[in-house]
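A.B. asks: Structure incoming, see below.
The values are calculated or read from the model by the stated rules, or taken from the named source; none is laboratory data. Just so it is clear, the structure is predicted and the values come from calculations on it, not from any experiment. Because the Cβ atoms are built from the backbone with ideal geometry, glycine has one as well, and the counts that use them run over all protein chains shown. Ligands, DNA and RNA are excluded from the accessible area calculation, which covers all protein heavy atoms including side chains. Shrake-Rupley method; radii C 1.70, N 1.55, O 1.52, S 1.80 Å.
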Amino acid sequence: MCSTLQHKPIVLTGDRPTGPLHLGHYAGSLRNRVALQATHEQYVLIADAQALTDNADDPDKVRNAVIEVALDYLAVGIDPERTTICLQSALSALPELTMLYLNFVTVARLERNPTIKAEIQLRGFGRNIPAGFVCYPVAQAADITAFKARVVPVGEDQAPMIEQTNEIVRRINRQVGRDLLPEAKALIPEAGRLPGVDGKAKMSKSLGNAISLSASPETIREAVRRMYTDPDHLRVSDPGRVEGNVVFAYLDAFAENRDEVESLKARYLAGGLGDAAVKRRLEEILQAMIAPIRERRRELAEDRTFVREALREGTQKARAVTAATLSEVKDALGVFAL
Ligand code: TRP
């Protein structure tokens, strides 16, 4: 009865499937997940229902990205034997929990969520906010609590979602008079987010500044060649800036040899090290890192039934876990039991 599995802390993460994943996802969370699956009971949610909250006019994009994202997971080493990979839209307990939780949140609070606020502005919704969109933090609270996750590794921009989840958890626990649902802790990578190749703060497919995990050697070469460095570093002999220099941000994120990076930085700062030389080194590192991922992804893409099967099995397992939580919550909140 007490298998060791049950004693491992539960971790849940998720991604919106809108296209293949990129190096930003890799540095920010995929790498962590490969490590976490050894020590945690890990669930990874392909959040297609959430992706539809702002892509309802383009369901093909979301549907087609589901398998792409699953392929990326397997290609980087997320192991379906150790990590439960599941599909959000196939877990009906999640929207049921969402409906119940919505009664414990105000519209004013939803509109104050900093991530939602920023996204409303970015997309120019004004007052015409899709209701599903403004409610997605509640759906995310349902995701997190349905698995009773205590650890949620996410990027910095998702911290307000965890905060809002915990408010809902406390509100419900107060309503039912006991610790029915656990609070969750955001696990935010220290390194911060990976900038886009153009120097913008965020790597994103829609901004066109991303290197995908399935990028060809030529695409990688070209992306590194165009990469934003220090615009004032005109001659090799000039001292250069490392701060805000994308090439060094990537070396920090991906080079295994820290001493080498520190020495490159020192030489660049002092003057005498050209952009072309540092870029050459970064390109070598990225090519070596992405090649096995691309190769494994290509092999897996040839046998999509394996990928589908892994997703189906994971979803089945997740269905049992989330349905059990839903019954507990309905029961505790006093919903009529037939
Ligand atoms: N909102 C997350 C993102 O955009 C994706 C997500 C959905 C998620 N459900 C989750 C992340 C549950 C962590 C836990 O990246």
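A.B. asks: Using a probe of 1.4 angstrom, how much of the accessible area of the chain is carbon and sulfur, in percent?
C.D. replies: On the chain, the fraction of accessible area on carbon and sulfur atoms equals 53 percent.
A.B. asks: Within the chain, how many Lys pairs that are eight or more residues apart, or on different chains, come under 24 Å at the alpha-carbon?
C.D. replies: 21
A.B. asks: Here is a follow-up. Got the relative contact order for the range 1-98 handy, in percent, Cα pairs under 8 Å and 6 or more residues apart?
C.D. replies: Computed value for the range 1-98: 37 percent relative contact order.
A.B. asks: Using alpha carbons only, how many degrees (0 to 90, rounded to 10) separate the axis of helix 59-76 from the longest principal axis of the chain?
C.D. replies: Once rounded, one gets 70 degrees.
A.B. asks: Now a separate question. For the chain, with the dipole built from +1 on Lys and Arg beta-carbon atoms and -1 on Asp and Glu ones, taken about the Cα centre, which of GLY124, PHE248, PRO153 lies farthest toward the positive end?
C.D. replies: Towards the positive end, the residue furthest out is GLY124.
A.B. asks: Around HIS22, which amide H atoms from residues at least 5 apart in sequence, or from another chain, sit under 5 Å from its own amide H, with H modelled in the peptide plane?
C.D. replies: LEU213
A.B. asks: Cα convex hull of the range 162-259: mean projected area in nm², to one decimal?
C.D. replies: That works out to 10.3 nm².
A.B. asks: To the nearest 0.05, what FRET efficiency results for ARG312 and GLU260 with a Förster distance of 35 Å applied to their C-beta separation?
C.D. replies: 0.20
A.B. asks: Classify the range 273-338 from the C-alpha gyration tensor, please: rounded if a/c falls under 1.5, else prolate or oblate depending on whether a/b exceeds b/c.
C.D. replies: Verdict is oblate for the range 273-338.
A.B. asks: Next question, about the same structure. Could you work out the relative contact order of the chain? I mean the mean sequence separation of Cα pairs under 8 Å and 6+ apart, divided by the number of residues, in percent.
C.D. replies: Averaging sequence separation for qualifying contacts and normalising by length gives 22 percent for the chain.
A.B. asks: So how much slack lies between LEU333 and ARG225, counting 0.36 nm per residue of separation and subtracting their Cα-Cα distance, in nm?
C.D. replies: That pair, LEU333 and ARG225, stretches by 33.1 nm at full extension.
A.B. asks: Using DSSP to define loop residues, name the GluC sites (Glu not before Pro) in the range 222-258 whose beta-carbon has at most 13 other beta-carbon atoms within 10 Å.
C.D. replies: When the GluC sites (Glu not before Pro) of the range 222-258 are filtered for loop state and at most 13 Cβ neighbours within 10 Å, GLU243, GLU256 remain.
A.B. asks: While we're here: Could you work out how far helix 136-146 tilts from the main Cα principal axis of the chain, as a 0 to 90 degree angle to the nearest 10?
C.D. replies: With both axes taken from Cα atoms, the answer is about 70 degrees.
A.B. asks: Can you give me the accessible area per residue for the range 188-338, using a 1.4 Å probe, in Å²?
C.D. replies: Accessible surface, normalised per residue, equals 58 Å².
A.B. asks: Another question, then. Tell me which GluC sites (Glu not before Pro) from the range 48-97 have a DSSP coil assignment and no more than 14 other beta carbons within 10 Å of their own.
C.D. replies: For GluC sites (Glu not before Pro) across the range 48-97 that sit outside H, G, I, E and B with at most 14 neighbouring Cβ atoms in 10 Å, the list reads GLU81.
A.B. asks: With unit charges on the beta carbon (Lys/Arg positive, Asp/Glu negative), name the residue among PRO195, GLY274, LEU338 whose Cα is farthest towards the positive pole of the charge dipole of the range 193-338.
C.D. replies: The listed residue farthest towards the positive side: LEU338.
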